[in-house]
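Data block below; observations after.
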Amino acid sequence: MITEISFTYVIKDGAVSQNERLLLEDISDKDITFHEFNKIKLPVSMNPADYGTIRGETLMGDLTRYFIRKGNKVYEMDVSQDKTINKVSIVGASDLNWVDTKLADDLFKRELGKTTIYFLNGEQVLIKRLIPAAPFTRLKQKQKSKK
C-alpha cells in the first residue's frame, strides 16, 4: 500500500550552466538504440527504415503505410503526411501497437499502452505511467457517546 509520495527539487538563482544540462548532452554518434517492452526490443526511431527492410509502401489519403520485416517480426507503420505521427503495430499474435509523436527535431514521445516514453536524441529521458488506484474514501468520524 502506498501511503506517501515525495517529490524533491532544488531552487537556484541564476542560469543553468552547460555542466548541469546533462539531458542535452550530444549523443548523435550512437547507432540506433532500442528499448524493451514486454521482452520485445523496439527501435527508438520514427524512421521506417530503422525498423528493418521495407517490403511495401502504400499511399492512403493523408498517410503512407509501410510494411517492414525484421527477422520474424512484421511491422505495419502508418506515417502522417507531415511525418509527425507514426502509428505502429506488430502484425501477428502479439497484437502490440503504439503511437510515436514528433515533438521537436530530436525529441519524440511513444505512447505504448498506459505508458508514455519521451526520447531525446535516441535516449530515454522520461517515462510516465498510468497506474490504477482505488479512489480515496472519507474516514468515518467517531460519534460521541451520550450518557
Say whether the condition of being buried (at least 16 other Cβ atoms within 10 Å of the Cβ) and not aromatic (Phe, Trp, Tyr) is met by at least one residue in the stretch 126-137. no
Residue within the stretch 130-141 that is over 16 Å from Phe34 (Cβ atoms), assigned to a strand (DSSP E or B) and touching a residue at least 12 places away in the same chain (Cβ under 8 Å) present: no
Mind checking whether some residue in the stretch 58-71 is exposed (fewer than 15 other Cβ atoms within 10 Å of the Cβ), acidic (Asp, Glu) and either out of contact with any Ser or Thr (no Cβ under 6 Å at 6 or more places or on another chain) or not in a strand (DSSP E or B) (or both)? yes
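With the stretch 76-126 as the region, which strands (runs of 3 or more DSSP E) entirely inside it contain at least 2 residues that are under 25 Å from Met60 (Cβ atoms) and touching a residue at least 12 places away in the same chain (Cβ under 8 Å)?
Numbers: elements: 85-91, 97-104, 107-112, 115-120.
Answer list for the stretch 76-126: 85-91, 97-104, 107-112.
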Within the stretch 7-22, is there a residue that is exposed (fewer than 10 other Cβ atoms within 10 Å of the Cβ), modelled with pLDDT of 80 or more and either in contact with a helix residue (DSSP H, G or I) (Cβ under 6 Å, 6 or more places away or on another chain) or not acidic (Asp, Glu) (or both)? no
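Out of Asp95, Asp78, I need the residue that is closer than 13 Å to Met46 by Cβ and among the acidic types (Asp, Glu). Which one? Let's see the steps before the verdict.
On the way: Asp95 fails: closer than 13 Å to Met46 by Cβ.
Just one listed residue meets the conditions, Asp78.
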Return yes when Leu42 is in a strand (DSSP E or B), modelled with pLDDT under 95 and exposed (fewer than 12 other Cβ atoms within 10 Å of the Cβ) and no when it is not. no
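Just checking, how many residues over the stretch 98-122 are within 18 Å of His35 (Cα to Cα) and surrounded by fewer than 13 Cβ atoms within 10 Å (Cβ to Cβ)?
Restricting attention to the stretch 98-122, the residues satisfying the condition of being within 18 Å of His35 (Cα to Cα) are 98-102, 106-122.
When the remaining residues are screened for being surrounded by fewer than 13 Cβ atoms within 10 Å (Cβ to Cβ), the result is 113-114.
Of the residues in the stretch 98-122, 2 are within 18 Å of His35 (Cα to Cα) and surrounded by fewer than 13 Cβ atoms within 10 Å (Cβ to Cβ).
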Under 7 Å between Cβ atoms, which residue pairs at least 6 apart in sequence (or on different chains) link something in the stretch 38-55 that is closer than 18 Å to Leu120 by Cα with a partner that is hydroxyl-bearing (Ser, Thr, Tyr) and at pLDDT below 90? Val44/Thr33
Provide a single number: the residues in the stretch 45-57 that are outside any loop (DSSP other than H, G, I, E, B) and either polar (S, T, N, Q) or under 18 Å from Thr115 (Cβ atoms) (or both). 1
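The values are calculated or read from the model by the stated rules, or taken from the named source; none is laboratory data. Fair warning: this is a prediction, and the values are worked out from it, not measured in the lab. Here Cβ is always computed from backbone atoms with ideal geometry, including for glycine, and neighbour counts include all displayed protein chains.
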